[in-house]
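I have placed the structure first, in the form of structure tokens, so that the comments after it can refer back to it.
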Amino acid sequence: MNGAPLRRRPPAKPMEGELKLPKEIYLVKVGMNMTEGVVEEWYVADGASVNAGEMLYRLETEKVNLDVDAEAAGVVKHLAGEGVTMKPGDVVGYIYAPDEPVPDVLPEGGAADAAAAADATSAATADGPVVAAPAAGSSSADGRILSSPAARRLARELNVDIAGLIGSGPGGRIVEADVQAASEAQPKAPAPAPSSPMARKLARELGVDLTQVRGTGPGGRITKEDVESAAKEPGAGPAGFVRREDQTIPVRGMRKTIAKRMLESLQGSAQLTMDMDVSMDDAVKLRSQLIDEWRDEGVRPTYTDLVVRAVAKALEKHPQMNSRFSDAEITLRGDIHVGMAVALEEGLIVPVVHHANQLALKEIAQESSRLAEAARKGALTPDDLHDGTFTVSALGMFGVDAFTPIINAPQSGILGVNRIREAVQWVGERPAKTQVMRLSLTWDHRALDGAPAARFLGSVRDLLEAPFRLLV
């Protein structure tokens, strides 16, 4: 689908008295390989209005995130909550026309359920509210709790056990009003006594529950000294230590994909790593000169750009490194597409510089800058992430001297780029200061042995030590 929202042919305009169906909101399919995704964030609140073309929700997939626009104007009703994993094409909500009645119970099975829900709403509008006979636990015959998505979401927010509620919606279904009533009937936790700002701040730092502290200040006000005393009581933890609660982060989206693929890569291939030092004196000079040369064009090459260019040229001479291994054969890839690992807050993503061996150094610098910026903005397309044949991963900016990168399967190699450091080399009998960078190559021993891997790495080193060759 190339990231475009799934679209349906709009139904013909209904005749008078004919049932109108709401517009379905789909979980958009991004690329042919997408198998699941989540609504990361609804931009339009449940029950709020939206105009056609306005941002509706943010989609999170295993590779890219993107904003999805509304295809129609009307009232938005959520069917899927934020963070719920679904399949491409699943219905995540509906858009009801402004003059269309919105049922308490949302349809969960597409157009047929939408028609049934609309019928129920029409009946309620004409003859008064539909009140279902109370059902114990509001459960269906198969044991499933009958409740609307909005009711389930509200129950989680208010910490209400939905299993024991009696639904007042159509068919005994639990609706938001039932959850709200149950929440108001629950006993409320005691409110803490008045406290000073300093006492509240200290309580947060020491992990003290203010509802359990007796205030000794005027009018029972909790003071800083009261909090300190409570922190020293038995069971309050060692004095002087700050107690922090554990945090749980859902493993989903990009993080879930990284975890799965890295484990599969290590379990499914024979990975080894070798390091090699590169003298970077001339490369540092070349980069400085190119920055000045290309400044007016807004092009600023990085050391990683130099490495990507060197890797692309070296892969032409060593096609085994640009390969894909299977039990029956080794495929030497005809094209050279170099992936460039980019670190984001939510994880690592690898956009691809396609046909890197056919691009000049300036073109590589321009493309890598575009990809990195798009990655940080969440604007990468499926094509930007497709069909890498080798990967470069740089950690030098973090002061790393050497590391063991994991192969981005089904590729056969990945090159780690480390920091440029000062070192000493001997010129005859005299020591001289030099700038050195270590390259860390991980390769799949099933596809090629150590000697050809070392020759490939040596070619990359030679190109970086004589960097004028990267310009031709």
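The values are calculated or read from the model by the stated rules, or taken from the named source; none is laboratory data. This is a predicted model, so every value here is computed, not measured. We place every Cβ from the backbone using ideal geometry, glycine too, and count neighbours over all the protein chains shown.
Couple of notes before you dig in:
- Scanning the stretch 200-223 for residues that are in contact with a Gly (Cβ under 9 Å, 6 or more places away or on another chain) and either assigned to a helix (DSSP H, G or I) or surrounded by 13 or more Cβ atoms within 10 Å (Cβ to Cβ) (or both) turns up Leu206, Gly207, Arg221, Ile222, Thr223.
- Taken over the stretch 388-407, the criterion of being farther than 17 Å from Ala372 by Cα and aliphatic (A, V, I, L, M) is satisfied by Val400, Ala402, Ile406, Ile407.
- Selection from the stretch 265-301 of residues that are without any contact (Cβ under 8 Å) to a residue 24 or more places away in the chain and either among the hydroxyl-bearing types (Ser, Thr, Tyr) or over 28 Å from Val472 (Cα atoms) (or both): Gln267, Ser288
- Of all residues in the stretch 330-378, those being modelled with pLDDT of 95 or more, closer than 20 Å to Glu297 by Cα, of a type in the set (A, V, I, L, M, F, W, C) and surrounded by fewer than 18 Cβ atoms within 10 Å (Cβ to Cβ) number 1.
- Number of residues in the stretch 408-442 that are within 17 Å of Val307 (Cα to Cα) and hydrophobic (A, V, I, L, M, F, W, C) equals 8.
- Checking the stretch 380-390 against the condition returns no match, with no residue being touching a helix residue (DSSP H, G or I) at 6+ places or on another chain (Cβ under 7 Å), farther than 23 Å from Val30 by Cα and of a type outside the set (A, V, I, L, M, F, W, C).
- Test for Ser440: is it closer than 22 Å to Phe403 by Cβ, in contact (Cβ under 8 Å) with a residue 12 or more places away in the chain and touching an Asp or Glu at 6+ places or on another chain (Cβ under 7 Å): yes
- Screening Pro452 against (1) part of a loop (DSSP other than H, G, I, E, B); (2) within 20 Å of His318 (Cβ to Cβ); (3) more than 26 Å from the chain's Cα centre (by Cα) leaves a single unmet condition, (1).
- Of all residues in the stretch 47-99, those satisfying the criterion of being over 24 Å from Thr381 (Cα atoms) and assigned to a strand (DSSP E or B) are Ser49, Val50, Gly74, Val75, Val76, Lys77, His78, Gly93, Tyr94, Ile95, Tyr96.
- Any chance Arg446 is under 16 Å from Tyr303 (Cβ atoms) and touching a strand residue (DSSP E or B) at 6+ places or on another chain (Cβ under 9 Å): no
- Tally, over the stretch 309-354, of residues that are more than 26 Å from Lys63 (Cβ to Cβ), out of contact with any strand residue (DSSP E or B) (no Cβ under 6 Å at 6 or more places or on another chain) and not in a helix (DSSP H, G or I): 4
- Residue list for the stretch 307-364, filter: touching a residue at least 40 places away in the same chain (Cβ under 8 Å) and β-branched (Val, Ile, Thr): Val307, Val308, Val311, Ile330, Ile336, Val338, Ile349, Val350, Val353, Ile364
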